[in-house]
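The values are calculated or read from the model by the stated rules, or taken from the named source; none is laboratory data. All figures in this text were calculated on a predicted structure; none of them were measured in a lab. Neighbour counts are summed over all protein chains in view; Cβ atoms, including those assigned to glycine, are modelled from backbone coordinates with ideal geometry. Protein only, heavy atoms only, side chains kept; ligands, DNA and RNA dropped before computing areas. Shrake-Rupley method; radii C 1.70, N 1.55, O 1.52, S 1.80 Å.
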Amino acid sequence: MGLGDKIHNAAEKLHGKGKEAAGDATDNDRLKAEGKGHQVKADLKQAGEKVKDAFKKH
């Protein structure tokens, strides 16, 4: 996984956590769900990159 990908995924996850926290603070379910969605998306991208890296090593 390239450094740029790692930074992008971490930023997307942090963005999701911020949205989720804002949703909690304002009792906005839509915002909470969007935040969780961003976090899941970032986690899936990170997992995909790790799989690609594993295949490159072999």
Answer residue from segment 18-46, given it is touching a Lys or Arg at 6+ places or on another chain (Cβ under 9 Å) and of a type in the set (D, E, K, R) and is farthest from Lys57 (Cα to Cα) among those: Asp24
Among the residues of segment 14-49, write down those that are over 24 Å from Gly4 (Cβ atoms), open to solvent by 80 Å² or more (accessible area, probe 1.4 Å) and free of Cβ contacts under 8 Å to residues at least 12 places away in the same chain. Asp24, Ala25, Thr26, Asp27, Asp29, Arg30
Breaking point among (1) surrounded by 14 or more Cβ atoms within 10 Å (Cβ to Cβ); (2) touching a residue at least 24 places away in the same chain (Cβ under 8 Å); (3) among the basic types (Lys, Arg), for Lys52: (1)
